[in-house]
Every structure is written in C-alpha cells, then in structure tokens.
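**Q** My questions will all concern the structure given below.
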Amino acid sequence: MQFLFAQLEKAPAYPLISHDPYFSVWSFTDTLNASPTKHWTGATQSLMGILKVDGKYYRFMGELDKSYKTILPAADETGYNVKYTEEQPASGWENGSFSDASWKTGSAPFGDNESMAKTKWTSKDLWVRRTFTVTDANVKNLYLKIQHDDNAEVYLNGKPIYEYKGWLNKYKYIPLDNFAGALKKGTNVLSIHVANTAGGSWLDAGLVTELQPKENAAIAKAQQKKVTVNATQTIYEFTCGAADLKLTFTSPLLMNDLALMTRPVTYISFAVTSNDGAAHAAQVYFGASTDIAVNVPAQEVKANKYTSNNLSILKAGTVEQPMLKKKGDDLRIDWGYMYVAAPQSEKPIQVITSKDMGVAGFVSGAKATGTEMQGKQLLLNTVLSFDKLSSNAQERHVLIGYDDIYSVQYFGQNLRPYWNKDGNTTIEQQLALAEGNYQGVMKECADFDKQMYADVQKAGGDEYAKLCVAAYRQAIAAHKTLVSPQGDILFTSKENFSNGSINTVDITYPSAPMFLAYNPELLKGMMNGIFYYSESGKWSKPFAAHDLGTYPLANGQTYGEDMPVEESGNMIILAAAIAKAEGNADYAKKHWKTLSTWVNFLVTDGFDPANQLCTDDFAGHLARNANLSAKAIMGIGGYAMLADMLGEQDVAKKYHDTAVAMAARWQQMADAGDHYSLTFSDKNTWSQKYNLVWDKVLNLHLFPESVFDKEINYYLTKQNEFGLPLDSRKTYTKSDWIMWTATMTDSKEAFQKLVDPIYKYATQTPTRVPLSDWHETTDGKQVGFQARSVVGGYFMKYLDYKMNNRASALRQ
C-alpha cells in the first residue's frame, strides 16, 4: 500500500524487529545489505535475505560479519582461572619470569555485578596474570579481545600491547599487528592492571585471530532503491535483476490493543514483481541467526523443527537456559526461545544449518539437515517459492517471535509477559493468531501509521512528525509489559546504555507524553511499581524512589544515590497529567496519601534544592538548580489541581497559593536580565527550563507568559548547528528536552527554529545507532545513551495540541 503522506526516509538506525529491550533487531546502515543486522546494543543478531531470480542470487539483507578463531578464550566462551592481587605488586609484575606464587587464584570475569562476575572485585586496583601455552606462535591477524571497567594496561610476555583510560561496555578487538613476536611458542603470560576509578568494575580478556570472510561470487548485492520508516513498519524496496522486491517489517505496536501490542511477533513480508514484463521463477531465502537467543555468541544453542496450527515452525534457544540470572545494561537475553514460522500452505523448504553453511547451503540447493541441531550460532532458514512472476506482486511472509517464558523478577516473584499473564496460552497459539489476523493487522498498522502522521503533523509540521515517527517504536520497545501480583499493569522501562536500571522514574518522566497521548494506562504501568514500593513499606523515605532495580530484576532500588526533588516532582506531575488526559483524578485518589507525603517534601525542600542530582545526572551535582526548582513548583501546582478535581477546595487553595508564591519568588531569584539563570547563585549561567512546559500543558497558570517569551527569545540566540545546548556548562544537549522547551512557545516560527536542528541531527548524525537522546550540538555526534524510551518525549507538542488544541492558536 502506498501512503499519501510524507515519510521518514533517513534515520540513525532502522527498526526491523521491535518488541522489548531483549527482542529488538535493527539495521545500523542506510542500505540493509551493507552490514549485519544488530541488537540495539550493537551486538550482531544476523538476519539474512537472498532473492533467487532465474538461477541468479541477490543479497538484499544482511552482510557477512567479522569472525574470529580463539587462541586464548575469554570468559564468554569458557571459564578460566588467573593469579591476581589487589595490592600494589613489586616491580616487574608484568614479566613472564615474575613469581606470582603468593597471589590469589580466582575465576574470570572479575567485577561488581554479582549476576555476571565469577570473582567479586570492588577495590580500587586489580592486577592479574594468566599463564598459557601455545603450540604455534606463527599466527596472523592477532587481536586482544578485552572488556574492562575502568582504566587498563595490558602486557604480553612483558611487552605493553594496550593501554586505555576509560571503560568498555562490550568486548573490543585490539589489533596486535605492531607487536609481532610478542606471542611465542610454549609458555606465555598475559598481564593486566585495571583501575576502578568510578562506578562499576569489570575485567575479562583473551586472544583471537581474525578469519577472513568467504564471499560467495555467485551472490550479487541487490540494489536498494528506497527505505521508508513509519510508526509500526519499516519498508525497503530493491531491484534484484529482473525482479523488484518490497520488503516490509511490521511490529504491530498499537497501544489501543494491549493483547496485540504485547504479542512478541513481527511480520516480515516479501512482495516480488517482474520489472521487465517477462515471467520469472523466484525464491526468497530468509535466515535468522540464533544469536537472537543468546547473550554472547559462544553460548551453546539447540534448534528443532516442527509443525503446529498449520504453521511450519523453527525454534531455538540456549542449552543452559539461565532464566533471570543476569542483570545489567549491555546484555541480551539468553533464556526462552526464538521462533521462525511460515504457513504450511506455502510449502516452504525449512532447514536448520550452522551459521557458516546457511547461505552456502541455499546457493547449492541443500535441503533440510534434519529436525534437530545443536551447536553455536545456528541459522533458522526458510525458503519461500513464488510462482512465475508477473507485473502483479506476489506476496509471502514469515513470522518471527520470542517467548521469554518469564520476563522480569518483581520483588522476588518471576512474572510472565503480559500476553501470557495467566499462563493459559502458548507461543504457538500466539503465532497462529498472528497468522490468522495477518491481513487485518497489516491494515490496522497502515491505517494507524497514516493517522498518527497526520495528527502530529497538524500539531507541529512535517519535520516534527517525522521525528515522532522515528521515536514511536523505539519508545515502546524499551519497555516490558506485565501484570503485578497485585493485579496492576506494569510497563517497566530499561535504562538502555545509561545504567541498565529498571523502571527509573526520571526515564518515565521524559517518555510520558507519547503514552499520555495514546494510552495513559501504560503511563500508570510505569508508575504503579513505584507507588507499590512506597505503599508496601519496602521504601520508607518521604520522597519517591529512583528505580526498582537493575533490569530485569525489579527487587528494589539499586542506583547508588537518591534524586528526592526530581523523582517526587516527576510522580506528582505525571499523576496530574493522567487526570488531565482522563478527565478525572481517580488514579491520584488511589495514591493520595503517598502523593501528599511527596508534595509536602517538595514544599519544604523543593524550591531551593540542596546539592543533588536531577534527571540530567550525567552533568553532575548541582545546588540551587532553577529548573529543578521549577519542577517542584509544577509538582505543587499539579497537586493543587488534583485536590480541586477531588473536591478538596481548601487543600487546593493552600497548595495553589504556595505554588503561585514560589513562582513569583522564582522569577526574582533566577532573573538574569534577558533570561533566567541555571542556578539561583550564578546569574552568568543559563539553562533550558523544560519543566515549565507543564504550566502550559496542565493550564496551571503559575507563571506569566512573559517568562516563556523571555526564555525562548534567549534560547534562539544560543542554538548551534545540531540543536540548543542543555545549559551553559557544555555544548551537548538532550533532544527530548528541546522538544519540551519548544512546546513552551506559542510562536510557530520559534517552534520550527528549535525543531529543525533536531531533525538535522536525526537525519545527518555520523553516529549510526538507534536514536540517541544525548548528542553534541556542534557536530551531531552521540555523546551517550541509545535506544532509550525517553524519545517518547518528542510527543510533548502533540500532547499539548491534543489536550488543549493549542496549535490552532499559534502565532505566525
């Protein structure tokens, strides 16, 4: 189906499969066949696609990835012991002749993450020595494979081969071509010193050689003509010799239908036509690597083939099945099972092969290798045959799904995913439902994509609408949907490439606009666990918690420091926003005692905040933060609004008057002439006051219009090529906050001036990862974070438009 609306045709990365933090596969390049497909973390999770036309082969999806042969295994392959010490050793500790007999023996990896590390290490320094033997030292393309946190120096037989200040959140392969002769036949020693300078500690290392990929001359690259990203679909168009291919990935994340949204099944559709008027024979080869079901490629997997509900199904997962055993940030799922399914009526040839033989087997015409297979990095392969092609498109499709069995541990109890919350369905039944509803779901998604674009375009223009499209699937897929033992919906976020926390309140806060606009129940799902944490007595402080743990273990806050004003303000503001969206304060009434405790904390401690972190914690501690003060004022005003809706007029007046008085005082203390300062104590500073946007969205009327006009006019003098800096301390920014800041203006021209650089960033950033919300405004490069849910904050303008129809009043 062709849409008549403008479409997003360039993105930092392209969503292919997007369901939750673990089941999330992307293309990191503009052309789908220029690189291997990857998990949002950057780990390869290969999808391969080849179209055979009249005996000629065209690769339209995927690319051969680098592969390595192990010389000395790291701990992701096999456990190993080393000699280690945490005390400064004598000089020469790195040399092979050094005696380490007095050192302790420990198993790798070392670190502070007890779910991952074999030896706990939390001290400042760690020295390790690993003795090993090689029978042939004449190896080419030797690499050090290492992951460390923080600063590291590495020696091979006393020769320094690597030094790096900083931390690596994944294995890095360091070429050792400049250290010829460092490896020797016989006994060798790899010696490493790591300094733990900040939060987190880790060490694991090995040696590998790079294997040269074997290109198959019989396979040509298909010519990609176009890629289009819509809210629920990514669509590619290719020319493959005499045939054209339209490839569509559909993850039906429709928020008005939780049964559909949470079903972990993506459709991959292949529509093939003849482009020269002649008839042609064609076959599509589709392969999905079992890397989708492992944390690291070295894990052993098993796969099998069977039929169910008129579907041919391939299933694969790890042999170990360590369910909910690991927690952390740069992790992938290694329990549960992935599935590839196709209708039996299409008579696909399905094979399970090793990763190396998948493509070769297709080209050579190999048939099924059996119904079961075990090993590392298998491919689940499906071959779909087409009748003789004509100018009319023939379409086939496959389903790819994931059953994690249990998704999250919530205060000691393992919870099933929402789609199987009662334990009375199976993934095979869900695949069958997905297949049976294929045509209907595809139409629903196409209709939603068109309507969503039209709605957000009306609120903010074409560039704004395209940014919202880029954010939509990413924001949803950074969550897992569950039901708590108390019967409440849980929509738990993962703080992707930030710190790995689960259900972080200051992740909920920026992401909220999209969910408020489309289904406030999902925002309640982000807040329910935090309310339960306090109301159960498990969290006893007079302010809101920061998080519920480290994903996927939600057993209580693990972040090392509280954000009392930040999180309490966030929770109260969002409770008020839910009431505004739903037209009643029922949700707030349910938690009124807790909200009252938090608002009183804001009254006493929120106006002139002590030295503490806010949601922009990456910028460090700050005292007397004017924007954080504004959040406290918004929280108090929001509480007054809720009290009024609940008929408590005296309470409403008391807190409204308090908020008004604070707002007046705020204007005096933050006034820096032509703008308002970053802190009350330094008028030579400035910052985005994005928290003030709620004064407009909730119609609190705490600040005069002149405050917004003064700030916006000042911001427009501070913009760089790729956006408005967060504040005067650095030139980096947060794009979600810019969208909030832009919503503070009633000027269409000013709004566009603030949004255009973000659109330029999203379409021209040199950093090719799922949309990062933290980037440098001078060159458009990612500073940190990626694939986070906070880009749901892009919908703030649409939320304001939907709640207040303010767009019709924009000044030209």
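**Q** Could you tell me whether any residue of the stretch 171-180 is within 26 Å of GLN786 (Cα to Cα) and open to solvent by less than 50 Å² (accessible area, probe 1.4 Å)? It would help to see each step written out before you state the result.
**A** The first filter runs over the stretch 171-180 and keeps only residues within 26 Å of GLN786 (Cα to Cα), leaving 171-174.
If we keep only those that are open to solvent by less than 50 Å² (accessible area, probe 1.4 Å) too, we end up with 174.
Yes, there is a match, as at least one residue in the stretch 171-180 is within 26 Å of GLN786 (Cα to Cα) and open to solvent by less than 50 Å² (accessible area, probe 1.4 Å).
**Q** Which of the residues that make up the stretch 33-50 are touching a residue at least 40 places away in the same chain (Cβ under 8 Å), within 20 Å of the chain's Cα centre (by Cα) and within 26 Å of VAL383 (Cβ to Cβ)? Please lay out each step first, then the result.
**A** The first filter runs over the stretch 33-50 and keeps only residues touching a residue at least 40 places away in the same chain (Cβ under 8 Å), leaving 33, 39-50.
Going one step further and asking which of them are within 20 Å of the chain's Cα centre (by Cα), we end up with 39-47.
Answer for the stretch 33-50, where residues must be touching a residue at least 40 places away in the same chain (Cβ under 8 Å), within 20 Å of the chain's Cα centre (by Cα) and within 26 Å of VAL383 (Cβ to Cβ): HIS39, THR44, GLN45, SER46, LEU47.
For (1) open to solvent by less than 10 Å² (accessible area, probe 1.4 Å); (2) farther than 16 Å from SER269 by Cβ; (3) not aromatic (Phe, Trp, Tyr), each residue gets a yes or a no:
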{"site": "ASN381", "(1), (2), (3)": "yes, yes, yes"}
{"site": "ILE427", "(1), (2), (3)": "yes, yes, yes"}
{"site": "GLY436", "(1), (2), (3)": "no, no, yes"}
{"site": "LYS466", "(1), (2), (3)": "no, yes, yes"}
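**Q** Return a yes/no flag: does the stretch 502-509 have any residue that is touching a residue at least 60 places away in the same chain (Cβ under 8 Å), of a type in the set (Asp, Glu) and open to solvent by 20 Å² or more (accessible area, probe 1.4 Å).
**A** First, pick out the residues of the stretch 502-509 that are touching a residue at least 60 places away in the same chain (Cβ under 8 Å): 502, 505-509.
Subset that is of a type in the set (Asp, Glu): 506.
From the residues that got through so far, the ones that are open to solvent by 20 Å² or more (accessible area, probe 1.4 Å) too are none.
So far as the stretch 502-509 goes, no, none of its residues is touching a residue at least 60 places away in the same chain (Cβ under 8 Å), of a type in the set (Asp, Glu) and open to solvent by 20 Å² or more (accessible area, probe 1.4 Å).
**Q** Tell me the helices (runs of 4 or more DSSP H) entirely within the stretch 533-606 that contain at least 1 residues that are more than 23 Å from VAL693 (Cα to Cα), open to solvent by 30 Å² or more (accessible area, probe 1.4 Å) and of a type outside the set (A, V, I, L, M). Before you say what the answer is, go through the steps one by one.
**A** Details: elements: 564-582, 586-590, 592-605.
Here the list reads 586-590, 592-605.
**Q** In addition: Of the conditions (1) free of Cβ contacts under 8 Å to residues at least 40 places away in the same chain; (2) assigned to a strand (DSSP E or B); (3) not acidic (Asp, Glu), PRO15 fails just one. Which one is it?
**A** Checking PRO15 against (1) free of Cβ contacts under 8 Å to residues at least 40 places away in the same chain; (2) assigned to a strand (DSSP E or B); (3) not acidic (Asp, Glu), the one that fails is (1).
**Q** Let me ask something else. Can you name the condition, by its number, that LYS327 falls short on among (1) open to solvent by 10 Å² or more (accessible area, probe 1.4 Å); (2) within 20 Å of the chain's Cα centre (by Cα); (3) under 29 Å from TYR236 (Cβ atoms)?
**A** For LYS327, the exception is condition (3).
**Q** In the set THR31, THR85, THR44, THR105, which member is open to solvent by 10 Å² or more (accessible area, probe 1.4 Å), β-branched (Val, Ile, Thr) and either under 30 Å from GLN451 (Cβ atoms) or touching a His at 6+ places or on another chain (Cβ under 8 Å) (or both)? So that I can check it myself, show each step before the final result.
**A** On the way: THR85 fails: either under 30 Å from GLN451 (Cβ atoms) or touching a His at 6+ places or on another chain (Cβ under 8 Å) (or both); THR44 fails: either under 30 Å from GLN451 (Cβ atoms) or touching a His at 6+ places or on another chain (Cβ under 8 Å) (or both); THR105 fails: either under 30 Å from GLN451 (Cβ atoms) or touching a His at 6+ places or on another chain (Cβ under 8 Å) (or both).
The match here is THR31.
**Q** Moving on to the next point. Of these, ASP736, ASP756, ASP746, ASP773, which one is of a type outside the set (Ser, Thr, Tyr) and over 30 Å from LEU32 (Cα atoms)?
**A** ASP746
**Q** Sticking with this one: In the stretch 658-775, which helices (runs of 4 or more DSSP H) lie fully inside it and hold 2 or more residues that are in contact with a Leu (Cβ under 9 Å, 6 or more places away or on another chain) and open to solvent by 10 Å² or more (accessible area, probe 1.4 Å)? Show your work before the answer.
**A** Working: elements: 693-697, 705-715, 735-743, 748-764.
The qualifying helices (runs of 4 or more DSSP H) are 748-764.
**Q** Considering only residues that are of a type in the set (S, T, N, Q) and over 20 Å from ASN555 (Cβ atoms), look in the stretch 413-425 and name the one that is surrounded by the fewest Cβ atoms within 10 Å (Cβ to Cβ).
**A** ASN424
**Q** Scan the stretch 54-80 for residues that are loosely packed, with under 13 Cβ neighbours inside 10 Å and either of a type in the set (Phe, Trp, Tyr) or under 24 Å from ALA137 (Cβ atoms) (or both) and report the count. First the steps, then the outcome.
**A** Of all residues in the stretch 54-80, those loosely packed, with under 13 Cβ neighbours inside 10 Å come to 55, 66, 69, 78-79.
If we keep only those that are either of a type in the set (Phe, Trp, Tyr) or under 24 Å from ALA137 (Cβ atoms) (or both) as well, we get 66, 69, 78.
Counting residues in the stretch 54-80 that are loosely packed, with under 13 Cβ neighbours inside 10 Å and either of a type in the set (Phe, Trp, Tyr) or under 24 Å from ALA137 (Cβ atoms) (or both) gives 3.
**Q** Would you mind finding the one in ALA288, ALA278, ALA293 that is of a type outside the set (Phe, Trp, Tyr) and more than 15 Å from SER46 (Cα to Cα)? I'd like the intermediate steps shown before the answer.
**A** Numbers: ALA288 fails: more than 15 Å from SER46 (Cα to Cα); ALA293 fails: more than 15 Å from SER46 (Cα to Cα).
Answer to the check: ALA278.
**Q** Tell me, yes or no, whether the stretch 471-482 has at least one residue that is out of contact with any Cys (no Cβ under 9 Å at 6 or more places or on another chain), over 18 Å from PRO513 (Cα atoms) and surrounded by fewer than 19 Cβ atoms within 10 Å (Cβ to Cβ).
**A** No, there is no match, as no residue in the stretch 471-482 is out of contact with any Cys (no Cβ under 9 Å at 6 or more places or on another chain), over 18 Å from PRO513 (Cα atoms) and surrounded by fewer than 19 Cβ atoms within 10 Å (Cβ to Cβ).
**Q** Of these, PHE238, PHE286, which one is touching an Asp or Glu at 6+ places or on another chain (Cβ under 8 Å), in a strand (DSSP E or B) and open to solvent by less than 10 Å² (accessible area, probe 1.4 Å)?
**A** Numbers: PHE286 fails: touching an Asp or Glu at 6+ places or on another chain (Cβ under 8 Å).
Step by step, each of PHE238, PHE286 is checked, and only PHE238 is touching an Asp or Glu at 6+ places or on another chain (Cβ under 8 Å), in a strand (DSSP E or B) and open to solvent by less than 10 Å² (accessible area, probe 1.4 Å).
The values are calculated or read from the model by the stated rules, or taken from the named source; none is laboratory data. Nothing here was measured: the structure is a model prediction, and the numbers come from that model. Cβ atoms come from the backbone with ideal geometry, glycine included; neighbour counts cover every protein chain shown. Please note that ligands, DNA and RNA were not included when accessible areas were found on the heavy atoms of the full protein model with its side chains. Shrake-Rupley method; radii C 1.70, N 1.55, O 1.52, S 1.80 Å.
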